[in-house]
1. To the nearest 0.05, what FRET efficiency results for Asp281 and Arg335 with a Förster distance of 35 Å applied to their C-beta separation?
2. May I ask you to work out the translational diffusion coefficient for the range 5-123 at 25 °C, viscosity 0.890 mPa s, via Stokes-Einstein with Rh from the Kirkwood sum over Cα pairs, reported in whole µm²/s?
3. Provide the gained length on full extension for the span Arg2 to Glu294, in nm with one decimal, where the gain is 0.36 nm per separating residue minus the Cα-Cα distance.
4. Could you work out how far the C-alpha centroid of the range 183-242 sits from that of the range 274-341, in angstrom?
5. Using mean Cβ contacts within 10 Å as the protection proxy, how do 89-101, 49-61, 21-33 order, highest first?
6. Hey, any idea what % of the chain's accessible area is carbon plus sulfur with a 1.4 Å probe?
7. Can you divide the C-alpha Rg of the range 65-168 by 2.2 N^0.38 Å and report the result to two decimal places?
8. May I ask you to list the aspartates and glutamates whose Cα is less than 14 Å away from that of Lys89, ignoring any residue fewer than eight positions away on the same chain?
Amino acid sequence: MRKLGIAIVGTGMIGAVHRRAALLAGAEVRGVVASSPQRAEEAARSWNVPRGYRDIDDVLADPQVQVVHVCTPNHLHRPMAQAALEAGKHVICEKPLATTLEDAQALAALAASTGLVATVPFVYRYHPVVREARARIAQGELGPLHLIHGSYLQDWLLDPASNNWRVDPTLGGASRVFADIGSHWCDLVEWVSGERFVDVSAAFATVIAERRAATGQSFTTPAAGGALQAVSSEDVAAAMFKTGAGTLASLTVSQVSAGRHNRLWFEIDGATSSVAFNQEDPERLWIGRPDQREETFVRGPGAGSAEQRRLAVLPPGHAQGYAQCFEAFVADTYRAIEGERPQGLPTFEDGLRSALIVDRVIASARSRAWTTIG
Ligand code: SOE
């Protein structure tokens, strides 16, 4: 197989994650774009890649680049992804796909019209035991679903001295915590359960009214300093959903919950059994049954569904986690470019679905009313 040439736009925490995953998937990282040409040169040196591109146009003019990874702040997703698709490049664009529903619609339509591969890293789909949960539900093992519930909690914005571009709606979009991490939960739970949310009732709260102006990277120690600024994006959110099948779901999201670093958790309760998954303990799937017949399914290549086994690249007890999810997602994107059809690969269509949910969640929080998702 010929080596794919790729470029990464954005050098923050997630740009570095893309780079490692791309290298492991056998791509050649041709170069990097940063917030200035000088920073791009520095990043190219520290990543040991041939080019620090001046800007996106410089990338698009490079015939050796077939895939553009868009890892910028959210407001740049639309222009960067659009330019790359129009130049005939495949795209991996970070989530949220765009900061407005209209922009997400335009990107998904463009991707469909070009036939290029365009994916969005809803990477929690790549935990092997998540695939196991999905397979069991698809086979009817849980019976009809009765209830879906869960949360996605972080604490990296708990300290008022912490700040980040995500907090600013002009860079991050109108919703912060919901678009940033609630979007993951909704994508995951719809995909695992096979049911789609049709109605939502949501509420947002900003619990830290002011933050210091200086911004840092996600999950960094507080970037203390600067004047205090008023915060308008939400720190916490709660949402109730109804699915098309009539199942009730509830979700709590937060970036200010002490001790919860990246705890995406869901439970899906059916007529005969339940499944529960915790992203911070991702090697196990809890399967609840009445009469003391509960079970813990342990990740590994030796048992379980075909997709669970495909993604279990290490033996049990040799912990896999977030990094392996990202690696599998990027490898599957490249396989799709080679003409394969990997299962569960999240595309711009899924990014658009997520943008629709976020848009409806914002509308519900603003109007304080149940709102149709469609
Ligand atoms: C920050 O909240 C963040 O990096 C998200 O943007 C990612 O999508 C999530 O996977 C981890 O947390």
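1. 0.75
2. This corresponds to a translational diffusion coefficient of 176 µm²/s.
3. 100.4 nm
4. 26 Å
5. Final packing ranking: 89-101, 21-33, 49-61.
6. Of all accessible area on the chain, carbon and sulfur atoms account for 51 percent.
7. It is 1.39.
8. List returned: Asp57, Asp58, Asp62, Glu338.
The values are calculated or read from the model by the stated rules, or taken from the named source; none is laboratory data. Since we're looking at a predicted model, the values are computed, not measured. A quick note on method: Cβ atoms are made from the backbone with ideal geometry, for glycine too, and the neighbour counts reach across all protein chains shown. Each accessible area value is taken on the protein alone, full model and side chains, heavy atoms only, with ligands, DNA and RNA left out. Shrake-Rupley method; radii C 1.70, N 1.55, O 1.52, S 1.80 Å.
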